[in-house]
Amino acid sequence: MPGYSHFFSKEEHQSILDAIRIAEKKTSGEIRVHLEDHCDHFPEDRAAYVFDRLDMHRTAERNGVLFYLAVLDKQFAIIGDLGIHERVGTDFWSSLRDILESEFKQGKFKEGMIACIDKMGESLSQFFPYQGDDKNELSDEISTGKI
C-alpha cells in the first residue's frame, strides 16, 4: 500500500495547495497540511507535536491550523492555535472532523481536504479577516514525513 508520498496525485496535491491559497486570501489565518505514514501516539498528540515543530505557534495572531494525516494508519487530527480555538470553540472542530471522516470513509480524500480547508477559510475570515498588508507567515506547501 502506498504511503504519504503517493497519497495524493500531483493534480490532487495542487488542488489542495490552491484551496489553501484561496482560503488564505480570505483570512490572515494560516493553514497547513502534514502527511506521514504512521502515528505512534494519539493523533491529536502527534498533531500538536508536528504543529510545534513546524513553528505554527509563531504567527502574530496565533491563528494557525494544521490538518494532520497518518495515511497508512488511517488516522487524522485537526488542530488550531489558541487564537482560533478561543473564538470557534469545540463544536467547530467536531464539525470539521465529521466532514473529513465522512469524505475519507468514501475514499474522497482530496474532496474532504478541500471541503474542510474551504470551511476553515470562511470561518477564519469572520475572526481574522484578510488585511491588505497581510503576509503569508507560514509555508502553504504540504509537509511530509516524520519530523
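The values are calculated or read from the model by the stated rules, or taken from the named source; none is laboratory data. What you see is a predicted model; the values in this text were computed from it and never measured. Here Cβ is always computed from backbone atoms with ideal geometry, including for glycine, and neighbour counts include all displayed protein chains.
Taking the range 74-96 only, how many residues are farther than 20 Å from Phe127 by Cα and surrounded by 14 or more Cβ atoms within 10 Å (Cβ to Cβ)?
3
Run down Phe104, Phe76, Phe51 and say which single residue is aromatic (Phe, Trp, Tyr), without any contact (Cβ under 8 Å) to a residue 40 or more places away in the chain, assigned to a helix (DSSP H, G or I) and more than 22 Å from Asn136 (Cβ to Cβ).
Exactly one residue qualifies, and that residue is Phe104.
Is it true that Leu66 is buried (at least 17 other Cβ atoms within 10 Å of the Cβ) and in a helix (DSSP H, G or I)?
No, not satisfied.
Are any of the residues in the range 121-133 farther than 18 Å from Ala23 by Cβ and small (Gly, Ala, Ser)?
No, the range 121-133 contains no residue that is farther than 18 Å from Ala23 by Cβ and small (Gly, Ala, Ser).
In the range 1-48, how many are closer than 21 Å to Lys119 by Cβ and not in a loop (DSSP other than H, G, I, E, B)?
Residues in the range 1-48 being closer than 21 Å to Lys119 by Cβ and not in a loop (DSSP other than H, G, I, E, B): 23 in total.
Regarding the range 75-85, can at least one residue be identified that is closer than 14 Å to Ile31 by Cβ, among the acidic types (Asp, Glu) and in contact with a helix residue (DSSP H, G or I) (Cβ under 7 Å, 6 or more places away or on another chain)?
There is at least one residue in the range 75-85 that is closer than 14 Å to Ile31 by Cβ, among the acidic types (Asp, Glu) and in contact with a helix residue (DSSP H, G or I) (Cβ under 7 Å, 6 or more places away or on another chain).
What do you reckon, is Phe42 at pLDDT 95 or above, surrounded by fewer than 15 Cβ atoms within 10 Å (Cβ to Cβ) and farther than 17 Å from Gly3 by Cβ?
Taking the combined requirement at face value, the residue satisfies it.
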